[in-house]
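All remarks here apply to the structure that follows.
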Amino acid sequence: MASPAQVPPARSRRSFAGPFVLIVLGIFFLLGNIGVLHWFTLGHWFARYWPLLIILWGVIKLLEYQQAQREGTRAPGIGAGGVFLLIVLIVAGLSATQASRVNWGEIRDQIDIGDGDFELFGHSYSYDDQLQQSFPAGSSLRVNSTRGAVNVKPSEDGQIHVAIHKRINAESQSDADKFNAAAKAQITLNDGLVTVSANSEGAGNHSITVNLDVSVPRKASIVVSTRHGDVNVAGRDGDVDIAGQHGDISATDINGKVSLNLGHSSARVSQIAGDVSVQGGGGDITVEGIQGAMRLSGEFDSIKFAKIGGEVTFKSARTDMEFSRLNGDLDMDSGDLRASDLIGPFRLITRSKDIRMNDVSGDVRLQDENGAIELHMSKLGSMQVDNRKGDIRVYVPDKANFQVDARARGGEVQSDFSELKVSNADDQGIATGTIGTGGPRLVLNNEHGTIDIRKGSSLAELPAPPRSPKLPKTPPKLPEPTEN
């Protein structure tokens with residue numbers, strides 16, 4: 001008896017879920033390439049709505065399963081390619097969602113990237129504008145800017161003039177025009193305070209830089225607040241107060257007081273009739289030509305002072321310094337301090353610095369460790385120097401009268417003055433005695449280092465540099481090149 005013919009198993013159809021998702025993604029990328037949709041918009045949509053692609057995938061798989069049940073066939077599976085596409089879609093979607101929640105503007109400010117330095121998408125468009133109105137007598141000025149440079153200078157009349165230079169990053173000219181209209185700079189007057197607002201955030205989360213050139217009567221006091229951008233204030237009879245987070249700050253030719261609050265900024269201050277105060281942190285600080293006092297506090301890469309007529313104080317995490325006046329200059333960084341023509345009383349507590357000071361007059365109180373100390377005194381006052389793991393060398397005027405009490409534990413004491421009783425034994429050096437008729441007391445203490453007490457005249461002059469040999473009028477003949 002013939003056996004019935006065997007029916008071959010029904011073959012499953014191929015799934016359309018993967019191709020459908022690829023088609024949807026391809027359509028969106030095509031719209032981006034031909035400019036119908038902007039890449040920023042596409043990225044925003046994908047970061048927010050990418051789970052819809054997985055939902056569509058699941059709906060298609062459900063419909064395919066129901067169709068297979070009606071036809072009595074096997075429903076198509078996902079397959080290795082589908083699994084890989086799902087993994088890529090999920091990873092890309094989660095990454096895009098997290099990236100959309102990051103404040104990229106703040107990160108760009110922290111690493112100090114300019115608008116023109118990093119433009120993934122879009123183009124840069126420039127706009128110029130002008131604002132002008134009367135400036136009430138006796139009023140003060142405040143300038144608020146989020147991103148962009150601020151320059152303040154004297155005006156020739158009794159008005160305020162604001163020149164606005166705007167740079168906008170956008171996908172198209174029409175978008176840039178829209179952002180420009182939403183981010184208009186403004187001048188407002190309220191109870192003796194004139195406020196200039198750059199309004200760079202008026203267009204929302206878009207890259208807009210607004211540079212302001214402000215001309216205002218010289219007598220007006222100035223307050224400037226910026227988040228990212230250089231600030232330059234010059235020619236003022238009133239006080240100047242600047243808060244800058246990222247950028248170079250400059251204040252010059254000011255007859256009032258100057259106050260700076262810095263974060264990640266460098267500053268240069270010069271020709272100031274009043275006091276100067278700088279606090280915060282940042283890069284290089286240069287201050288010169290100050291008639292008043294100078295107060296500096298914070299962490300900075302380097303400090304340069306010159307010609308400061310009033311008291312100087314500086315405080316940081318590892319340095320506390322103050323003195324009465326600076327006729328010369330002072331240069332300090334993380335490992336060195338150099339100064340000349342400094343008027344005491346001088347007090348310095350620090351560590352890990354090599355210190356060299358010339359033409360110092362007045363009392364000295366100095367404490368250091370892990371660094372060498374060299375003092376050249378032009379006029380002696382009382383002195384207390386304590387050091388550890390570094391040498392101490394003091395130069396005093398040849399005919400000065402003073403008393404000495406010097407002790408070097410783990411080192412020796414050397415002196416140019418025969419009147420001093422010097423003993424170097426038992427891993428300790430001691431020098432005591434009175435020079436001349438006595439006078440200021442020099443107390444020098446050192447651990448694991450030497451102490452030198454020298455006459456100012458003992459400084460050997462540096463030898464003159466050797467003269468350069470005279471060149472012959474006719475250059476010598478060069479040898480012919482040879483092969484190797």
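Just so you know, all these numbers are worked out from the coordinates, no wet-lab data involved. Just so it is clear, the model here is predicted, and its values are computed rather than measured. Neighbour counts run over all protein chains shown; Cβ positions are idealised from the backbone, glycine included.
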What's the exposure ranking of THR226, THR434, THR450, going from fewest to most Cβ atoms within 10 Å?
THR434, THR450, THR226
Surrounding net charge for ILE290, when Lys and Arg each add one and Asp and Glu each subtract one, Cβ distance under 10 Å
-1
Between their Cα atoms, which of LYS178/LYS219; LYS307/LYS389; LYS304/LYS455 are more than 31 Å away from each other?
LYS178/LYS219; LYS307/LYS389
Given charges at beta-carbon only (K, R positive; D, E negative), |dipole| of the stretch 333-457 in Debye
260 debye
Output the peptides 154-167, 236-249 sorted from most to least packed, where packing is the average of other Cβ atoms within 10 Å over each peptide's residues.
236-249, 154-167
Rounded to whole Hz, the Karplus (6.51, -1.76, 1.60) HN-Hα couplings of the stretch 232-247, x for glycine and proline:
10, 10, 9, x, 10, 9, x, 6, 10, 10, 10, 10, x, 9, 9, x
Order by protection proxy (mean Cβ within 10 Å, highest first), peptides 341-351, 183-193
341-351, 183-193
Calculate the all-directions average of the projected area of the stretch 335-468's alpha-carbon convex hull, and give it in nm².
8.9 nm²
In whole Hz and in residue order, list the ³J(HN,Hα) couplings for the stretch 405-418 that follow from phi through the Karplus curve 6.51 cos²θ - 1.76 cosθ + 1.60, θ = phi - 60°; x for Gly and Pro.
9, 10, 9, 10, 8, x, x, 10, 10, 10, 8, 8, 9, 5
Could you tally the net charge around GLN384, taking each other residue with its Cβ under 14 Å from the Cβ of GLN384, Lys/Arg +1 and Asp/Glu -1?
0
Determine, for TRP57, TRP45, the number of other Cβ atoms within 10 Å of each Cβ, and report the residues in order from fewest to most.
TRP45, TRP57
